[in-house]
Amino acid sequence: MRRPRLPRLRGRTAAPEEPTGPRTPRADRFTVQDLLVEVSHGIGGHTGRLVMTTLGTVLGIGSLVVTIGFAQTAAGQLSRQFDAVAATQAVISPASTRSMNGTETPNTRLPWDAPDRVERLAGVERAGLIGEVPIGELQITAVPINDPSAPEVLSPTLLATSDGLLDAVRGTVVTGRYFDAGHELRADRVAVLGARAAEKLGLNRVDSQPSIFVGERPYTVIGIVGEVQRRPDLLDAVIVPLGTARADFGLVAAEELQLHIAPGAGALVAEQAPIALDPNQPENFEVQAPRSGSELQENVQADINVVFLVLGVIALLAGGLGIANVTLLSVSERTGEIGLRRALGATRRDIAAQFMVESLVIGLLGGLIGAAVGVFAVVAVALVQQWTPIIDLPMVFGAALLGALVGLGAGAYPARRAARIEPIAALRGGV
Amino acid sequence: MSQASPVVELVDVTRSFPGPPEVRALKSVNLAIARGDYLSIVGPSGSGKSTLLNVLGLLDRPTVGEYRLDGVSTGELSEEQRAGLRARTIGFVFQAFHLLPRRTVLDNVLLATLYSGVPRVERMSRATAALERVGLGHRMGFLPTTLSGGERQRVAVARAVIAAPQLILADEPTGNLDQRTSGEVMDLFEELNHDGLTLVVITHDQATADRAARSIRIADGRVSEL
Ligand SMILES: Nc1ncnc2c1ncn2[C@@H]1O[C@H](COP(=O)(O)OP(=O)(O)OP(=O)(O)O)[C@@H](O)[C@H]1O
Ligand SMILES: [Mg+2]
């Protein structure tokens, strides 16, 4: 028996017969509960300062949550709009080089038999060439059947396509028919009108085989296109077979090849079609083919994230520095308090823990507020845009915890400084 | 355990602060303080009184020599063990009170229970009892800044005794108080001493020093019995 336990304050006697008490019961010495109470007092003292301190973390975490929230919402939105047409349509055009004077020169030409070549590939269901026919000064006119005295003068564009194009762009004729391989081969002077072009030309029936004139040349109208899923300019155009355009207008090449492909075949087509078109120089073709849905989403997400994520991380770093700064200030302001606590029996570790947890709590607070603000922003914008907000809950909590982590990191140095303060030096200062 | 074994025993303790110039604040001090002693320390400014008290309070280590507290040689103890001893066996009262200005009187007293392992269930009753004892039962919710000097020092005394220490170390506890208030605080100390606490009081004031059963003088780092 080395040390008699001192009696309580009340009825105190220096009685050695007092039972020997145990050494400090760890269970009641500076527990987590005690620590949190001390921390809350430490933080609660300066409300204004606390607001300023958390601001950086709020901004950082907020922008991270907004960035990721928007990316997820947008991706969700995209996959909703991700319709069958987009997934099953591809376009191939010759790559072009920009010359010194700024004009774009195509590196190659699409071969005239391009549709046949690519339709042999797995996954390609229909393909068609399309190109605009330069008609110079020539006018496209119609001789209206009902009013021959006032011929309407109009200049719709003149397009030339292969016979498979209408199917490739999933168009339909409202009346008559589209031209076929035979028309093309024979370079027949037939034309199909886009619905709006037909309206302007005053044509709505083709059973009487009306004619339109390109310059002096008459073309028999055999059909009217009512609707297309791609190349809506078809609706405003007069369309002739490619063979006809080559024969009559000296068309040198088509501009692009439209493909209707099987769902999910995009990547395969993108790889194989250029080889089918020119096995020697497939790189001369540009392919726009749909990627698979998930790939598309990931890409969108990545695109949006980078800039704002970087901004968020920068704001977060600034927030961390802010916390570190304020905690450091708080340590030097409370040197006397630190000395007092050490005199009362606090270890260096107790002191370090106190400042560490203070800055962790400040970070967590900033993280929680930032996450809440971020979620609110995403929901608000989504509502205005009539989107469905998609917010990953673990992501939000993770972001709030990230704030705590930043606080923890920021507190490390100030806490070490606080722990190193010598009690005798600290006590000289006063609380 | 014999009643004669001293609570505090300094053997050839020297404390020098490395310079330049090197200051030897304590020079070969030998001092034994028995349990229940009431000791006052006087000496001119800069003579080493606070340095001695810091060594006694385990806030500072002797450069040379040995300090035994309650029979335990403190030189080999780790920082953590010394903090534990401070928490359980020593109560400090400072001239400048050292109360946390934003915490209530009660909170300030409770602060000493955090690190000393006073069971949680006992903390509140002990703090109230300690404050009643120093006559501040009616001021528990006040902030220290609203109290008079004497009241503040009484809060500090309550804080010093709440963890039931063996040794109270007071560094000029009445230095900031007027004569009458000084008397009140000293009365309080003496009551505690009567209850069995060992009491060491540094003072500039001869009248205060004379109240102690035993008085030592320290001059230029050397201790002499009065
Ligand atoms: N950390 C230190 N570094 C260097 N010298 C110190 C340090 N602490 C104290 N001293 C010196 O040690 C000597 C004793 O100082 P101490 O504080 O013990 O004096 P004191 O007797 O308490 O004086 P006062 O009555 O004015 O409080 C002084 O000369 C002081 O300058
Ligand atoms: Mg002093």
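The values are calculated or read from the model by the stated rules, or taken from the named source; none is laboratory data. Quantities reported herein were computed from a predicted structural model and do not represent experimental measurements. Cβ placement follows ideal geometry from the backbone for every residue including glycine, while neighbour counts extend to all protein chains displayed. Note: areas computed on protein heavy atoms with side chains; ligands, DNA, RNA excluded. Shrake-Rupley method; radii C 1.70, N 1.55, O 1.52, S 1.80 Å.
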I'd like the mean, over residues of A:334-340, of how many other protein chain beta carbons sit within 10 Å of each residue's own Cβ.
4
Non-local amide H neighbours of B:ILE168 (under 5 Å, H modeled in plane, Pro and chain starts lacking H): which ones?
B:GLY91, B:THR198, B:LEU199, B:VAL200
How crowded by other chains is B:56-66, given as the mean number of beta carbons from other chains within 10 Å of each beta carbon?
2
Take the solvent-accessible surface of the protein heavy atoms, probe 1.4 Å, and return the percent of it on the protein assembly as shown that carbon and sulfur atoms account for.
56
Peptide ranges A:214-227, A:159-172 listed from the most packed, as the mean C-beta count within 10 angstrom indicates:
A:159-172, A:214-227
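Which of the peptides A:47-58, A:256-267, A:63-74 is most tightly packed, and how do the rest follow, going by the mean number of other Cβ atoms within 10 Å of each residue?
Listed from highest to lowest mean packing, they are A:63-74, A:256-267, A:47-58.
Can you give the local net charge around A:ASP278? Use residues other than it whose beta-carbon is closer than 10 angstrom to its beta-carbon, Lys and Arg +1, Asp and Glu -1.
Local charge sum for A:ASP278: +1.
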Residue-level accessible surface for A:LYS200, protein heavy atoms, 1.4 Å, Å²
100
Residue-wise, which Karplus ³J(HN,Hα) couplings in Hz belong to the stretch A:106-112, taking 6.51 cos²θ - 1.76 cosθ + 1.60, θ = phi - 60°, and x for glycine or proline?
x, 6, 8, 10, 6, x, 4
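Can you tell me what share of the DSSP beta bridges in chain B is antiparallel? A percent to the nearest 5 is fine.
50
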Near the amide H of B:ASN176, under 5 Å away, which other amide H atoms are found, from residues 5 or more places off or on another chain, if H is placed in the peptide plane?
none
Taking alpha-carbon centroids only, the stretch B:7-49 lies from the stretch A:217-268 a number of Å equal to 106
Give me, ordered by chain and number, the residues 5 or more places off A:THR157 or on other chains with an amide H under 5 Å from its own placed amide H.
A:VAL238
Phi-based couplings in Hz for the stretch B:81-89 (Karplus 6.51, -1.76, 1.60; Gly and Pro marked x)
5, 5, 4, x, 5, 4, 5, 9, 10
Towards the positive end of the charge dipole of the stretch B:152-226, with charges on Cβ (+1 Lys, Arg; -1 Asp, Glu), say which of B:THR174, B:GLN206, B:GLY221 has the farthest Cα.
B:GLY221
Could you give each residue of the stretch A:384-397 its phi-based ³J(HN,Hα) in whole Hz, using Karplus coefficients 6.51, -1.76, 1.60 with θ = phi - 60°, and x for Gly or Pro?
4, 7, 6, 9, 8, x, 10, 10, 7, 4, x, 4, 5, 5
Which order do the peptides B:204-214, B:125-135 come out in when sorted by mean C-beta neighbours inside 10 angstrom, highest first?
B:125-135, B:204-214
With +1 on each Lys and Arg Cβ and -1 on each Asp and Glu Cβ, and nothing else charged, work out how big the dipole of the stretch B:5-144 is about its Cα centre, in Debye to the nearest 20.
480
The answer for the protein assembly as shown, accessible area per residue at 1.4 Å probe in Å², is 45
Using Cα pairs under 8 angstrom and six or more residues apart, how large is the relative contact order of chain B, in percent?
29
Considering every residue in A:342-354, what mean count of other chain Cβ atoms within 10 Å of its Cβ is obtained?
6
Which net charge results for the neighbourhood of B:ARG217, defined as the other residues with beta-carbon distances under 12 angstrom from its beta-carbon, given Lys and Arg at +1 and Asp and Glu at -1?
+1
Quickly estimate the mean residue ellipticity at 222 nm for the protein assembly as shown, helices only: each DSSP H run with n ≥ 4 gives -39500 (n - 2.57), and the total goes over all residues, rounded to 500.
-14500 deg cm²/dmol
Quick one: angle between helix B:149-161 and the longest Cα principal axis of chain B, in degrees between 0 and 90, rounded to 10, please.
70
